[in-house]
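Coordinate-derived values only; no laboratory data. Just so it is clear, the structure is predicted and the values come from calculations on it, not from any experiment. Every residue, glycine as well, gets a Cβ built from its backbone with ideal geometry; the counts of neighbours run over all protein chains shown.
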Amino acid sequence: MLRRLNVGTVLAVLAVLAVLAVLATATATATATATATAAATTGAASADTVHRSDRGRLVSVQQTTTLAAKEDAAAALAAAGYDTGTVRFGVDAYRLVYRTVDPGGRPITASGLLVLPRGGEHELRTVSFTHGTASHRSDAPSSMVKAGFVSSPAITYASAGFAAVAPDYIGLGAGPGLHPWMDVPSETTASLDMLRAARAFVPRTGRALGHDVLVTGFSQGASAAMGLAQALQAGDDPWFRLQAVAPVSGAYDFQHAELPALLNSTLDPKSSVLYTAYLLVAWNRLHHLYDSPDEVFQAPYDSTVETLFDGSHTGPQLFAGTPDTIDALLTPHGFDMLRRPTGPLAKALRVADSTCDWAPHVPVRLYTADADEQAANTNTDHCEATLRSHGVNTTVIGLGTPDFAGSRHLGSNIAGTAAIVHWFSQLR
């Protein structure tokens, strides 16, 4: 989710903020942003109003990276702190821009990263990796021209022989508009349509995507992965076939696990401030939780916090522009709203917290770090219990206390990727 480490020119601010970002390559115009924001706010249309044949249609393709030999891929992963034990091939990486729908069901474009192995089988199994929290639009997989924290999982899977697909989500990367953070329905449609775009493009490289999709994701992307897995099992695209699910360090039960931990300061204080602010700002745009920021945010943040989450502010700006404690951020009404959700907030939380409430017909493993300081471990406990209530024999894999930039949460992405690529490689 979040991180705060200055590495050269970049402050890696957990997955909520900055992750080895390069210059933003967003293509949004002011008109497109306004249209997308209005669509997200009204939520008047259904995704079904957009013809299925247009969803996932390619708009543009740009090759962003070539790591020609397996030694190049291994060196890039090692430099980013990732395990290199499964590297078998060099890789080619592409940014795909494709058509999808926004949270209101209206047409919009989104982008994502596709990484292909330079060798191996003609027909490739696909791994879908959905990334953790980002606020600046360039902190998305397809914006990474080299291996970094957010793009290395895709490079890991591709270098092991898979086709790796990593959607940026709506409003990040090269997509217009504002990012609807933790909105599982739009994460699901963006992820499924990215798979469709990848399937359309891959034959141009002389390869093909097979039917099998292995689904994983980290932090915010853990819930997104569960949403995509449900859609695949339900047959939302009959070409693709769900093979396994392996989310890492998710906030699967925001109302009963994550929010109490954020509000009670049992997690990292600064992370709690940033996640809480992001949730209120992003969900107010979607669900109209408040009329004025001063209802939920204390001064002086009531006049600045919404602008901070506009996709153009960097990690250092977010850290500097927010308080260090949740008590300094929220008004009494803001606390009460989040502690006892009602109305639109309660309804939105029920949707966000439903990602484990189903019965997968494929193997499921939930990965978690001990004493995660950003995603409360009770999230995974609740997800496991819910899956078991549906008769699913879920395996929880403890990753111990992996560390990246002083964060067990971020470390779980690296450790989880190393464990999951081994597991996926064993499945046939």
- Message: If neighbour count is taken as other Cβ atoms inside 10 Å, put GLU295, GLU187 in order from fewest to most.
- Response: GLU295, GLU187
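What number comes out for the charge environment of HIS390, summing +1 per Lys or Arg and -1 per Asp or Glu over other residues with Cβ under 13 Å away?
Numbers: positive: ARG388; negative: ASP357, GLU384.
Computed value for this residue: -1.
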- Once log10 I(q)/I(0) by the Debye sum over Cα atoms at q = 0.09, 0.10 Å⁻¹ is worked out from the coordinates, which option in (1) -0.63, -0.76; (2) -0.79, -0.88; (3) -0.48, -0.60 does it equal? (3)
- Message: If packing is taken as the average count of other Cβ atoms within 10 Å, what order do 327-335, 228-236 fall into, highest mean first?
- Response: 228-236, 327-335
- Query: Projected onto the charge dipole of the chain (+1 at Lys/Arg Cβ, -1 at Asp/Glu Cβ, origin at the Cα centre), which of TRP423, LEU280, LEU124 gives the Cα projection farthest towards the positive end?
  - Reply: LEU124
- Take segment 204-305, drop everything but the C-alpha atoms, weight them equally and run the Debye formula without solvent; then report log10 I(q)/I(0) at 0.18 Å⁻¹ to two decimals. -0.94
- Note on the structure: Check: C-alpha center segment 241-285 vs C-alpha center segment 308-372, spacing in Å is 3 Å
- Expected max-MSF residue from SER389, SER223, SER159 in the GNM of the chain (alpha carbon, under 10 Å) is SER389
- Query: Relative to the Cα centre, what is the charge dipole magnitude of segment 180-299, using +1 at the beta carbon of each Lys and Arg, -1 at the beta carbon of each Asp and Glu, and rounding to the nearest 20 debye?
  - Reply: 660 debye
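How do 345-354, 173-182, 191-200, 278-287 rank on mean C-beta neighbours within 10 Å, highest first?
On the way: 345-354: 17.6, 173-182: 25.9, 191-200: 24.4, 278-287: 22.4.
Averaged packing, sorted descending, gives the order 173-182, 191-200, 278-287, 345-354.
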- Percent RCO, i.e. relative contact order, over segment 212-285, from Cα pairs under 8 Å lying at least 6 residues apart: 30 percent
- Message: Less than 30 Å apart at the alpha-carbon level, and either on another chain or at least 8 residues along: which lysines does that give for LYS146?
- Response: LYS70, LYS270
- Using +1 at the Cβ of each Lys and Arg and -1 at the Cβ of each Asp and Glu in segment 295-423, identify which of HIS390, PRO300, THR378 lies farthest towards the dipole's positive end. HIS390
- Message: Among ALA415, ALA261, ALA78, which one shows the highest mean-square fluctuation when the chain is modelled as a Gaussian network with alpha-carbon springs under 10 Å?
- Response: ALA78
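Where nothing but the Cβ of Lys and Arg (+1) and of Asp and Glu (-1) is charged, how large is the charge dipole of the chain around its Cα centre, in debye to the nearest 20? Spell out each step's value before the answer.
Values: 29 positive and 37 negative charges, 276 e Å.
Magnitude of the dipole: close to 1320 debye.
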- Query: Mind ordering 209-220, 129-140 by average Cβ neighbours within 10 Å, highest first?
  - Reply: 129-140, 209-220
- Message: Over segment 327-424, what is the relative contact order in percent, taking alpha-carbon pairs closer than 8 angstrom and at least six residues apart?
- Response: 26 percent
- Message: Which one, LEU329, THR64, ALA234, is farthest towards the positive end of the dipole of the chain when Lys and Arg carry +1 and Asp and Glu -1 on their Cβ?
- Response: THR64
- Note on the structure: So the FRET efficiency between HIS211 and ALA371, C-beta based with R0 = 45 Å and rounded to 0.05, is 0.70
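To the nearest 20 debye, what is the magnitude of the charge dipole of segment 69-159 about its Cα centre, counting +1 on the Cβ of each Lys and Arg and -1 on the Cβ of each Asp and Glu? Working shown, then result.
Working: 9 positive and 8 negative charges, 48 e Å.
Computed about the Cα centre, the dipole is about 240 debye.
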- Expected 222 nm ellipticity per residue - DSSP helices of 4 or more, -39500 (n - 2.57), all of the chain, to 500: -10500 deg cm²/dmol
